Amino acid sequence: MTTSSSELVKALSVGRPPNIQQRFPNSKALLVSGKFIDLGMIKKKNAICMAANGRNTFVIRGALKAAQRANSALIIEIARSEGGANAYCAVNYWNMARIVDATCNELGITVPVALHADHYGIKSKDDIPDAKIEIPTMFEAGITSIAIDASHLPDDENLLANLELKPFIPDWSGLETEIGEIKGKLGLSTKAEALFLIQGLNAHGIFPNWIALNNGTVHGIEASGQGIQVGLTQEIHEALEAYHVSGAQHGTSGNSSKRLREIANRTNTTKANVATALQMISWGLEVNDDGNAALDDKNGFIKVKDQGVTEAMWAKMVAYAKDKGWKSGDYKKLNLPFENKLLGLPREIRERMEQRVESFVYNMLVNVFNARDTADLTIDAILEANNYDPGPKAERIESPEEWTPEKITRKAALIENNQGPEGEFDD
């Protein structure tokens with residue numbers, strides 16, 4: 001690490017946003033806005049920050065250790081389905097910052113870390129009143145970045161939901177928006193959809209750090225083999241260059257390292273979510289290079305002996321899932337009922353769970369995402385701003401008069417898209 005101790009002290013002094021300063025006044029953890037993580041990746045060029053879904057404590061600890069070893073900035077995130085009001089994980093929107101802050105101080109983690117509320121899903125207009133109440137509580141709890149996900153709504157309703165909720169998000173916060181995640185095999189995101197959303201936001205003085213696309217991937221366990229469409233992603237990012245928005249890549253599990261390197265090298269992606277692979281790795285399951293858990297001839301997971309949880313604990317987890325009638329894709333729901341049971345395992349077991357995650361994340365950061373030493377570059381961005389908010393990357397170039405609610409609806413009706421069947425958007 002080339003950042004000096006005095007520079008780190010300065011970054012801690014000026015770079016932590018108000019909610020972090022208030023919630024953790026004596027902390028030495030460099031918890032920062034997602035805006036700075038994005039800037040650090042841009043400074044390096046062709047670099048992507050891993051957004052590790054902290055579905056359990058062991059994933060969080062292993063990912064932080066890997067980021068420190070790689071001197072990489074990091075995002076720890078949780079999605080609404082994983083950690084919202086109806087969560088299937090013990091880690092949630094309201095305790096994640098506390099867990100990450102405590103872990104950073106315990107382990108001496110000095111790299112910049114953003115805390116991202118991923119996939120804050122808006123399924124209908126009826127969700128918006130509750131969101132206006134809930135989103136501020138998440139920032140009070142220490143969130144420093146958020147993804148507003150109304151992507152499965154019609155294009156005009158997606159944009160209007162983003163506009164209505166922005167006043168409840170601090171200006172200093174990292175911001176992600178979406179034009180689709182899982183739409184089945186019938187269609188992918190288009191340039192027209194992406195431009196519509198980003199131009200409409202721009203007209204109202206909203207400048208997202210990231211846009212997530214439905215670019216051919218899925219969440220969870222990849223079965224289709226289609227994978228991320230690098231060319232489509234590049235085409236859409238190039239169309240958006242005037243608006244200075246980076247890409248957020250979702251659903252990396254199931255895609256090869258080669259394809260993810262292509263995303264880093266050919267697109268403007270600076271954030272990539274990794275969720276299912278980290279969960280499976282922490283438990284000790286066999287995972288291939290694509291991050292997919294291997295299955296045996298009976299379509300069951302393969303437990304690696306003396307890796308991850310104990311064999312006895314894994315047998316209990318499998319029995320629990322079988323009793324619930326869960327298939328392989330439902331095993332994520334084991335996180336909530338088993339978190340405390342896993343925390344109660346002997347130290348050597350807990351440490352090997354963390355170590356397995358650390359090894360995987362370190363390799364991804366260094367050899368796939370080109371994120372080594374982005375911690376220094378992110379700290380440079382903080383020192384250059386001399387503030388917890390670097391300000392927007394873009395400026396308004398669209399006319400607000402052309403993006404009234406009525407004109408938004410008319411413009412949306414002219415967009416040709418191929419929205420397919422409903423999917424599980426939240427993960």
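The values are calculated or read from the model by the stated rules, or taken from the named source; none is laboratory data. A quick note: this is a predicted structure, and the numbers were derived from the prediction, not measured. FYI the Cβ positions are ideal-geometry reconstructions off the backbone, even for glycines, and counts take in every protein chain you see.
Out of Ile37, Ile75, which single residue is touching a strand residue (DSSP E or B) at 6+ places or on another chain (Cβ under 8 Å) and part of a helix (DSSP H, G or I)? Spell out the reasoning first.
Numbers: Ile75 fails: part of a helix (DSSP H, G or I).
The unique qualifying residue is Ile37.
Taking the criterion of being over 17 Å from Thr267 (Cβ atoms), assigned to a loop (DSSP other than H, G, I, E, B) and at pLDDT 95 or above, would at least one residue in region 176-198 satisfy it?
no
Write out, first by first residue and then by second, each pair whose Cβ atoms fall under 9 Å of each other, whose residues are 6+ apart or on separate chains, and whose first residue, in region 297-317, is without any contact (Cβ under 8 Å) to a residue 12 or more places away in the chain while the second is among the basic types (Lys, Arg) and in a loop (DSSP other than H, G, I, E, B).
Glu311/Lys305
Can you find a residue that is assigned to a loop (DSSP other than H, G, I, E, B), in contact with a helix residue (DSSP H, G or I) (Cβ under 9 Å, 6 or more places away or on another chain), touching a residue at least 40 places away in the same chain (Cβ under 8 Å) and of a type outside the set (Val, Ile, Thr) anywhere in region 99-121? Lay out the reasoning, then the answer.
Within region 99-121, the subset assigned to a loop (DSSP other than H, G, I, E, B) is 108-112.
Then keep just the ones that are in contact with a helix residue (DSSP H, G or I) (Cβ under 9 Å, 6 or more places away or on another chain); that gives 108-112.
Subset that is touching a residue at least 40 places away in the same chain (Cβ under 8 Å): 108-112.
If we keep only those that are of a type outside the set (Val, Ile, Thr) too, we end up with 108, 112.
There is at least one residue in region 99-121 that is assigned to a loop (DSSP other than H, G, I, E, B), in contact with a helix residue (DSSP H, G or I) (Cβ under 9 Å, 6 or more places away or on another chain), touching a residue at least 40 places away in the same chain (Cβ under 8 Å) and of a type outside the set (Val, Ile, Thr).
Could you grab me the full set of residues in region 145-160 that are over 20 Å from the mean Cα position of the chain (by Cα) and either closer than 11 Å to Gly200 by Cβ or assigned to a helix (DSSP H, G or I) (or both)?
Here is the first cut: in region 145-160, the ones over 20 Å from the mean Cα position of the chain (by Cα) are 153-157, 159-160.
If the condition is that a residue be over 20 Å from the mean Cα position of the chain (by Cα) and either closer than 11 Å to Gly200 by Cβ or assigned to a helix (DSSP H, G or I) (or both), then Asp155, Asp156, Glu157, Leu159, Leu160 are the ones that fit.
Looking at region 1-60, which of its residues are more than 24 Å from Glu82 (Cα to Cα) and charged (D, E, K, R)?
The answer is Glu7, Lys10, Arg16, Lys28, Lys43, Lys44, Lys45.
Identify, please: which residue in region 199-225 is farther than 28 Å from Thr409 by Cβ and touching a helix residue (DSSP H, G or I) at 6+ places or on another chain (Cβ under 8 Å) and is, among those, modelled with the highest pLDDT?
Of all residues in region 199-225, those farther than 28 Å from Thr409 by Cβ come to 216-225.
Checking the rest, the ones that are also touching a helix residue (DSSP H, G or I) at 6+ places or on another chain (Cβ under 8 Å) come to 216, 219-221, 224.
Details: Gly216: 73, His219: 48, Gly220: 47, Ile221: 45, Ser224: 46.
Looking at the filtered set, the residue picked out is Gly216.
Filter region 232-255 for residues that are under 20 Å from Asn53 (Cβ atoms) and part of a loop (DSSP other than H, G, I, E, B) and give the result.
Those that are under 20 Å from Asn53 (Cβ atoms) and part of a loop (DSSP other than H, G, I, E, B): His250, Gly251, Thr252, Ser253, Gly254, Asn255.
Which residue pairs have Cβ atoms closer than 7 Å, lie 6 or more positions apart in sequence or on different chains, and pair a first residue in region 173-185 that is over 8 Å from Ala212 (Cβ atoms) with a second residue that is of a type in the set (Lys, Arg) and modelled with pLDDT of 90 or more?
What qualifies is Gly174/Lys35.
Is there a residue being surrounded by fewer than 19 Cβ atoms within 10 Å (Cβ to Cβ), touching a helix residue (DSSP H, G or I) at 6+ places or on another chain (Cβ under 7 Å) and at negative phi anywhere in region 244-253? If you could, list the steps in order and put the result at the bottom.
Pass one, region 244-253, residues surrounded by fewer than 19 Cβ atoms within 10 Å (Cβ to Cβ): 244.
From the residues that got through so far, the ones that are touching a helix residue (DSSP H, G or I) at 6+ places or on another chain (Cβ under 7 Å) too are none.
No; the residues of region 244-253 include none that is surrounded by fewer than 19 Cβ atoms within 10 Å (Cβ to Cβ), touching a helix residue (DSSP H, G or I) at 6+ places or on another chain (Cβ under 7 Å) and at negative phi.
For Ala294, indicate whether it is within 29 Å of Val366 (Cα to Cα), surrounded by 14 or more Cβ atoms within 10 Å (Cβ to Cβ) and either touching a His at 6+ places or on another chain (Cβ under 7 Å) or modelled with pLDDT under 95 (or both). Working first, answer last.
Details: within 29 Å of Val366 (Cα to Cα): yes; surrounded by 14 or more Cβ atoms within 10 Å (Cβ to Cβ): no; either touching a His at 6+ places or on another chain (Cβ under 7 Å) or modelled with pLDDT under 95 (or both): yes.
It is false that Ala294 is within 29 Å of Val366 (Cα to Cα), surrounded by 14 or more Cβ atoms within 10 Å (Cβ to Cβ) and either touching a His at 6+ places or on another chain (Cβ under 7 Å) or modelled with pLDDT under 95 (or both).
Identify all residues within region 328-361 that are touching a residue at least 24 places away in the same chain (Cβ under 8 Å) and not in a helix (DSSP H, G or I); write none if there are none.
Leu345
Report yes if some residue within region 42-57 is in a loop (DSSP other than H, G, I, E, B), basic (Lys, Arg), more than 16 Å from the chain's Cα centre (by Cα) and within 28 Å of Glu241 (Cβ to Cβ); otherwise report no. Lay out the reasoning, then the answer.
As a first pass, look at region 42-57 and keep what is in a loop (DSSP other than H, G, I, E, B): 45-48, 54-56.
Then drop every residue that is not basic (Lys, Arg), which leaves 45, 55.
If we keep only those that are more than 16 Å from the chain's Cα centre (by Cα) as well, we get 45.
Keeping just the survivors that are within 28 Å of Glu241 (Cβ to Cβ) gives 45.
There is at least one residue in region 42-57 that is in a loop (DSSP other than H, G, I, E, B), basic (Lys, Arg), more than 16 Å from the chain's Cα centre (by Cα) and within 28 Å of Glu241 (Cβ to Cβ).
Take region 356-387 and flag every residue that is out of contact with any Gly (no Cβ under 7 Å at 6 or more places or on another chain), closer than 17 Å to Leu39 by Cβ and not charged (D, E, K, R).
Within region 356-387, Phe369, Asn370, Ala371, Ala375, Ile379, Leu383, Ala385, Asn386, Asn387 qualify.
For region 377-403, how many residues are over 27 Å from Leu197 (Cβ atoms), buried (at least 16 other Cβ atoms within 10 Å of the Cβ) and charged (D, E, K, R)?
Qualifying residue count for the region: 1.
Report yes if Ala63 is closer than 28 Å to Glu351 by Cβ, within 16 Å of the chain's Cα centre (by Cα) and either modelled with pLDDT of 95 or more or charged (D, E, K, R) (or both), otherwise no.
Numbers: closer than 28 Å to Glu351 by Cβ: yes; within 16 Å of the chain's Cα centre (by Cα): yes; either modelled with pLDDT of 95 or more or charged (D, E, K, R) (or both): yes.
Here the answer is yes, as Ala63 does meet what is asked.
May I ask you to list the residues in region 126-152 that are at pLDDT below 95 and out of contact with any helix residue (DSSP H, G or I) (no Cβ under 7 Å at 6 or more places or on another chain)?
Result: His152, single match.
Which is surrounded by fewer than 17 Cβ atoms within 10 Å (Cβ to Cβ) and β-branched (Val, Ile, Thr), of Ile198, Ile211, Ile133?
Working: Ile198 fails: surrounded by fewer than 17 Cβ atoms within 10 Å (Cβ to Cβ); Ile211 fails: surrounded by fewer than 17 Cβ atoms within 10 Å (Cβ to Cβ).
Step by step, each of Ile198, Ile211, Ile133 is checked, and only Ile133 is surrounded by fewer than 17 Cβ atoms within 10 Å (Cβ to Cβ) and β-branched (Val, Ile, Thr).
In region 284-316, how many residues are in contact with a Ser or Thr (Cβ under 6 Å, 6 or more places away or on another chain) and not in a loop (DSSP other than H, G, I, E, B)?
Residues meeting the conditions: 0.
For region 365-379, how many residues meet the condition of being closer than 13 Å to Ser4 by Cα and hydrophobic (A, V, I, L, M, F, W, C)?
Looking only at that region, the number is 3.
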